[in-house]
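The structure appears right after this line, and notes come after that.
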Amino acid sequence: MPKIKSHKGTQKVVNKNGKIGHPGTRHNTGKKNAASNRSGRKASYLSKGDAKRLKNVQY
């Protein structure tokens, strides 16, 4: 049976503590406006429903 592949988009945004970041904040930030760069630095927590859903998913 093949291995289950992790979802790469989720893997890049969610960390092990349940915090979720914002995609698109790793590079090419010079051309983005300052407000989007500032809002990209702030992480938020997953909701309880999403945490349950993603609990068994490998990321």
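Read-outs: derived from the displayed coordinates by stated rules, not from any lab. Computed from a predicted structure; not experimentally measured. Backbone-built Cβ (ideal geometry, glycine too); neighbour counts: all protein chains shown.
Restricting ASN56, ASN28 to those that are on the phi > 0 side of the Ramachandran plot and without any contact (Cβ under 8 Å) to a residue 24 or more places away in the chain reduces the list to ASN28. When restricted to residues that are loosely packed, with under 12 Cβ neighbours inside 10 Å and over 10 Å from the mean Cα position of the chain (by Cα), the stretch 1-35 contains 16. Taking the stretch 27-54 as the range and being in a helix (DSSP H, G or I), among the aliphatic types (A, V, I, L, M) and closer than 23 Å to LYS8 by Cβ as the test, the residues that pass are ALA51, LEU54.
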